[in-house]
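Here's the structure we're looking at; comments come further down.
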Amino acid sequence: MYQTIVRDWRNEEVTLRHHKSPISARNLANDLPDEVIDLLLETCRKNTAVFERFFKLKARLLGMEKLRRYDIYAPVAKADKDYDYSKAAAKVLQSFGQFDERFARLAERVFAEDHLDAEVRKGKRGGAFCATSAPDLTPWVLLNYQGKTDDVATMAHELGHAIHSMLAEHHSLFTQHANLPLAETASTFGEMMLVDQLLAEESDAAVRRDLLFKQVDDAYATIQRQAFFSMFEKQAHQMVIDGASVDEISAAYMENLKTQFGEAVEVAEEFKYEWVSIPHIYQVPFYVYAYAFGQLLVLSLYKQFKAEGESFKPRYIQLLAAGGSESPMKILDDAGVNVRTPAFWQGGFDVLSAMVDKLEQMS
């Protein structure tokens with residue numbers, strides 16, 4: 001099935017539509033230049049050591065000589081602290097207000113209009129979501145709040161999405177929504193503002209460690225894992241055209257995992273077949289790099305904020321207020337964000353490396 005999909009994709013996108021490469025078709029759909037995506041993936045390849053350090057630390061804290069691939073998301077420190085819902089909401093609003101009062105006011109609008117449903121009840125779908133219906137309607141935020149640190153961070157994340165939509169509500173129904181590469185900008189940035197505040201206030205070492213581990217776990221899943229999926233897709237598409245067998249593609253995937261984890265994680269032989277079960281590579285080829293783009297973009301913006309302070313805020317708000325009215329590159333360029341340089345993307349990994357430093361110091 002996969003070989004057929006790959007050949008069909010190439011026949012249409014490269015042979016008939018004359019894209020430079022199979023991934024170029026996805027880049028055009030995302031309105032991003034090939035060279036920027038190549039730079040993103042190459043930066044991820046060069047920074048495998050950051051997550052290798054993290055997995056080695058996790059193995060030590062779990063009392064293991066080396067993590068197995070099965071164990072990479074295992075919790076290390078489970079804090080028992082609970083956050084009352086009203087206090088959690090106050091903390092989120094406070095963290096937004098410390099960045100910019102406008103952010104807190106917009107988030108308060110969601111609460112004031114009763115557009116936030118946080119109750120856990122029978123029949124309600126799990127997870128969390130922010131629904132923007134139209135520019136003249138305040139977005140709806142759906143949560144399943146149970147009082148844990150993760151739940152507070154999720155509240156900040158989804159309210160960040162709502163703020164993004166409200167800052168862009170002067171646009172039309174067709175141009176309000178940020179396009180995929182920029183869709184997680186406000187949500188992830190809002191979550192990081194909250195985590196900064198919680199880390200500054202929290203005296204319980206277990207809670208602090210729990211927060212940091214969650215941040216790095218999520219960054220691995222969203223950035224590095226997705227980037228290496230994309231690298232595999234690029235390789236697999238060429239291998240299929242060159243006549244490779246399924247076993248050869250599986251061997252290439254295993255090499256991809258070994259490059260990704262280095263000596264930090266033991267990868268069992270059966271993981272060479274993991275690629276067969278990844279729905280995105282069948283349904284929407286090359287889609288997954290958008291996750292890495294969005295998350296690493298936010299970490300890099302966060303580094304700029306820490307370096308520039310107040311002067312960063314107008315540029316960031318301008319970026320969010322653009323919604324989906326222009327291409328991502330124009331929105332970023334107009335906001336003075338240059339994603340065409342290795343230094344920009346490396347800034348995101350520098351933030352992650354600093355988080356791992358903190359975890360090593362705490363452990």
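Tally up the residues in the range 247-268 that are surrounded by fewer than 15 Cβ atoms within 10 Å (Cβ to Cβ) and touching a helix residue (DSSP H, G or I) at 6+ places or on another chain (Cβ under 8 Å), please.
Initially, the range 247-268 is screened for residues surrounded by fewer than 15 Cβ atoms within 10 Å (Cβ to Cβ), giving 247-248, 251, 255, 258-259, 262-263, 268.
Subset that is touching a helix residue (DSSP H, G or I) at 6+ places or on another chain (Cβ under 8 Å): 248, 251, 259, 262-263, 268.
Count: 6.
Restrict the check to the range 197-209 and report whether at least one residue is assigned by TED's automatic domain parsing to the domain that holds D31, of a type in the set (K, R) and buried (at least 17 other Cβ atoms within 10 Å of the Cβ).
The answer is yes, given that some residue of the range 197-209 is assigned by TED's automatic domain parsing to the domain that holds D31, of a type in the set (K, R) and buried (at least 17 other Cβ atoms within 10 Å of the Cβ).
Could you check the range 90-138 and list, in sequence order, the residues that are in a helix (DSSP H, G or I), surrounded by 15 or more Cβ atoms within 10 Å (Cβ to Cβ) and among the acidic types (D, E)?
Hit for the range 90-138 is E108, nothing else.
Any idea how many residues of the range 29-50 are in a loop (DSSP other than H, G, I, E, B) and at negative phi? Please lay out each step first, then the result.
Our first condition is that a residue be in a loop (DSSP other than H, G, I, E, B); within the range 29-50, this holds for 30-33, 47.
Okay, now just the ones that are also at negative phi, so 30, 32-33, 47.
Total satisfying the criteria: 4.
Output the qualifying pairs, or none if there are none: Cβ atoms under 6 angstrom, residues six or more apart or on different chains, first residue in the range 1-21 and touching a residue at least 40 places away in the same chain (Cβ under 8 Å), second residue among the hydroxyl-bearing types (S, T, Y) and assigned to a helix (DSSP H, G or I).
Pairs that qualify, where the first residue is touching a residue at least 40 places away in the same chain (Cβ under 8 Å) and the partner is among the hydroxyl-bearing types (S, T, Y) and assigned to a helix (DSSP H, G or I), are I5/Y282.
Yes or no: V298 under 30 Å from S21 (Cβ atoms), of a type in the set (V, I, T), over 18 Å from the mean Cα position of the chain (by Cα) and at pLDDT 95 or above?
On the way: under 30 Å from S21 (Cβ atoms): yes; of a type in the set (V, I, T): yes; over 18 Å from the mean Cα position of the chain (by Cα): no; at pLDDT 95 or above: yes.
No: the conditions fail for V298.
Going by the conditions given, is T222 in contact with a Phe, Trp or Tyr (Cβ under 9 Å, 6 or more places away or on another chain) and in the same structural domain as K358 (by TED's automatic domain parsing)? Explain how you work it out, then say what you get.
Details: in contact with a Phe, Trp or Tyr (Cβ under 9 Å, 6 or more places away or on another chain): yes; in the same structural domain as K358 (by TED's automatic domain parsing): yes.
Criteria met by T222.
What is the one condition in (1) surrounded by 14 or more Cβ atoms within 10 Å (Cβ to Cβ); (2) closer than 30 Å to L67 by Cβ that D357 does not satisfy?
Single failed check for D357: (1).
Taking the criterion of being at pLDDT 95 or above, in a helix (DSSP H, G or I), within 30 Å of D204 (Cα to Cα) and of a type in the set (D, E), would at least one residue in the range 13-28 satisfy it?
Just the residues of the range 13-28 that are at pLDDT 95 or above, to begin with: 13-28.
Within this subset, residues satisfying the condition of being in a helix (DSSP H, G or I) are 13-16, 22-28.
With the extra rule that they be within 30 Å of D204 (Cα to Cα), the set shrinks to none.
No: zero hits.
Would you confirm whether or not the range 330-350 contains a residue that is surrounded by fewer than 17 Cβ atoms within 10 Å (Cβ to Cβ), β-branched (V, I, T) and in a loop (DSSP other than H, G, I, E, B)?
Taking every residue of the range 330-350 in turn, at least one turns out to be surrounded by fewer than 17 Cβ atoms within 10 Å (Cβ to Cβ), β-branched (V, I, T) and in a loop (DSSP other than H, G, I, E, B).
Does the range 302-316 contain at least one residue that is closer than 30 Å to D210 by Cβ, of a type outside the set (F, W, Y) and either within 18 Å of the chain's Cα centre (by Cα) or not assigned by TED's automatic domain parsing to the domain that holds K234 (or both)?
Taking the range 302-316 first, the residues closer than 30 Å to D210 by Cβ are 302-309, 312-313, 316.
Now narrow it down to the ones that are of a type outside the set (F, W, Y): 303-304, 306-309, 313.
Narrowing the set further to residues that are either within 18 Å of the chain's Cα centre (by Cα) or not assigned by TED's automatic domain parsing to the domain that holds K234 (or both) leaves 303-304.
Yes - at least one qualifying residue is present in the range 302-316.
Could you say whether any residue in the range 217-225 is over 30 Å from T154 (Cα atoms) and touching a residue at least 40 places away in the same chain (Cβ under 8 Å)?
In the first step, residues of the range 217-225 are kept if they are over 30 Å from T154 (Cα atoms); the result is none.
No, there is no match, as no residue in the range 217-225 is over 30 Å from T154 (Cα atoms) and touching a residue at least 40 places away in the same chain (Cβ under 8 Å).
Can you find a residue that is without any contact (Cβ under 8 Å) to a residue 40 or more places away in the chain, assigned by TED's automatic domain parsing to the domain that holds F103 and crowded, with 17+ Cβ neighbours inside 10 Å anywhere in the range 143-150? Explain how you work it out, then say what you get.
First pass over the range 143-150, keeping only residues without any contact (Cβ under 8 Å) to a residue 40 or more places away in the chain: 143-144, 146.
Imposing the further condition that a residue be assigned by TED's automatic domain parsing to the domain that holds F103 reduces the set to 143-144, 146.
Those left that are additionally crowded, with 17+ Cβ neighbours inside 10 Å: 143.
Looking through the range 143-150, at least one residue is without any contact (Cβ under 8 Å) to a residue 40 or more places away in the chain, assigned by TED's automatic domain parsing to the domain that holds F103 and crowded, with 17+ Cβ neighbours inside 10 Å.
The values are calculated or read from the model by the stated rules, or taken from the named source; none is laboratory data. Please read all numbers here as calculations on a predicted model, not as lab measurements. Backbone-built Cβ (ideal geometry, glycine too); neighbour counts: all protein chains shown.
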